[in-house]
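Contents: one structure, followed by commentary.
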Amino acid sequence: MSTQGRRSAQRSDGKSGDGKGGAGGRPLVAILSGAGISTDSGIPDYRGPNGVWRKDPEAEKLVTYEYYVNDPEIRRRSWRMRLDGPALRARPNAAHEAVVRLERSGVPVRVITQNVDGLHQMAGMPERKVLELHGTARAVVCTGCRARSEMERALERVRAGVADPECLRCGGILKSATVMFGEALDPQVLGEALAIARACEVFVAVGTSLQVQPAASLAGIAAEHGARLVIVNAEPTPYDPLARRVVREPIGRALPALLEELAAGRMP
């Protein structure tokens with residue numbers, strides 16, 4: 001997440017005190033999105049029946065920090081995956097667009113996403129209203145000097161024949177600006193997500209298995225603080241018993257219908 005996005009989100013719960021609600025007295029809606037919201041955009045999920053990890057368990061090494069920094073072949077495979085993968089070519093789908101419509105209707109909305117594809121922002125959500133828990137695949141960062149630049153610039157070097165492009169500033173190892181397995185989440189971003197979970201009146205978890213911590217715990221924290229929890233996911237999650245509503249229908253149809261209800265002032 002950009003410095004500007006982090007700074008603008010520091011009071012992204014839209015509140016000045018501890019009471020519930022957002023700007024103008026309308027309920028604050030938090031949306032936690034996982035890989036399932038982007039499958040209609042052509043990006044496969046990870047843990048579903050056809051997920052990446054189930055089809056190829058070895059693929060997890062490509063996004064595991066220890067393997068990545070210590071094995072040049074893992075890095076070369078990772079760069080080929082980035083070059084050939086669908087994430088940077090994907091376009092927002094009906095679910096992403098429905099979130100934008102809800103925000104533009106005047107309902108206070110904050111998106112907390114486990115995804116790194118940037119599709120919420122591409123659909124039109126203001127950057128300051130999106131927290132990227134796991135970073136972004138649209139930028140790269142040096143593991144040494146921490147210099148950051150656009151992913152596309154690094155991919156241009158891969159296309160030109162550089163199998164494992166190094167940092168142009170210090171010669172260090174470049175990686176995507178995502179949180180790999182073995183890396184900690186940005187504490188500031190996580191702190192903002194926790195504040196939103198505690199402050200919201202409605203918490204919608206969509207397209208996420210709610211198995212990966214600490215992101216999954218946000219659903220429970222929201223429910224504990226009185227939020228109406230809604231889960232939209234094809235498979236059961238550990239937090240289903242806490243939910244006011246559980247929806248198993250396809251996300252591309254179910255989420256727009258649900259968010260239209262919220263825009264009209266009908267609470268789940």
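The values are calculated or read from the model by the stated rules, or taken from the named source; none is laboratory data. All of these numbers come straight from a predicted model, not from anything done at the bench. Reconstructed Cβ throughout: ideal geometry from the backbone, glycine too, with neighbour counts over all protein chains shown. Heavy atoms of the whole protein, side chains included, go into the accessibility calculation; ligands, DNA and RNA do not. Shrake-Rupley method; radii C 1.70, N 1.55, O 1.52, S 1.80 Å.
So here's what we get for this one:
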quantity	calculated
Those residues of the stretch 169-182 which are at negative phi, of a type outside the set (S, T, N, Q) and either crowded, with 18+ Cβ neighbours inside 10 Å or modelled with pLDDT of 95 or more (or both), in sequence order	Arg169, Cys170, Gly172, Ile173, Leu174, Lys175, Ala177, Val179, Met180
Among the candidates Pro44, Pro92, Pro27, residue that is in a loop (DSSP other than H, G, I, E, B), of a type outside the set (A, V, I, L, M), at pLDDT below 95 and farther than 24 Å from Leu185 by Cβ	Pro27
Given (1) over 20 Å from the mean Cα position of the chain (by Cα); (2) at pLDDT 95 or above, number of the condition Gly265 does not satisfy	(2)
Output for the stretch 74-87, where each listed residue is open to solvent by 60 Å² or more (accessible area, probe 1.4 Å) and either part of a loop (DSSP other than H, G, I, E, B) or not basic (Lys, Arg) (or both)	Met81, Asp84
Filter result for Leu194 (under 30 Å from Gln213 (Cα atoms), in contact (Cβ under 8 Å) with a residue 24 or more places away in the chain and hydrophobic (A, V, I, L, M, F, W, C))	yes
Residues satisfying the stated conditions in the stretch 133-147, i.e. within 14 Å of Val179 (Cα to Cα) and either surrounded by 14 or more Cβ atoms within 10 Å (Cβ to Cβ) or in contact with a strand residue (DSSP E or B) (Cβ under 7 Å, 6 or more places away or on another chain) (or both)	Leu133, His134, Gly135, Thr136, Ala137, Arg138, Ala139, Val140, Val141, Cys142, Thr143
Residue within the stretch 228-242 that is open to solvent by less than 30 Å² (accessible area, probe 1.4 Å) and of a type in the set (Gly, Ala, Ser) present	no
Any chance Ala195 is surrounded by 16 or more Cβ atoms within 10 Å (Cβ to Cβ) and out of contact with any helix residue (DSSP H, G or I) (no Cβ under 8 Å at 6 or more places or on another chain)	yes
Criterion (at pLDDT below 95, surrounded by 17 or more Cβ atoms within 10 Å (Cβ to Cβ) and under 30 Å from Arg26 (Cα atoms)) met by exactly one of Ala215, Ala205, Ala219	Ala215
Test: residue in the stretch 11-21 that is open to solvent by 20 Å² or more (accessible area, probe 1.4 Å) and modelled with pLDDT of 90 or more	no
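Condition check ((1) charged (D, E, K, R); (2) at pLDDT below 95) across all residues:
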position: Pro72; (1), (2): no, no
position: Leu83; (1), (2): no, yes
position: Val99; (1), (2): no, no
position: Val111; (1), (2): no, no
position: Lys129; (1), (2): yes, no
position: Ala137; (1), (2): no, no
position: Val141; (1), (2): no, no
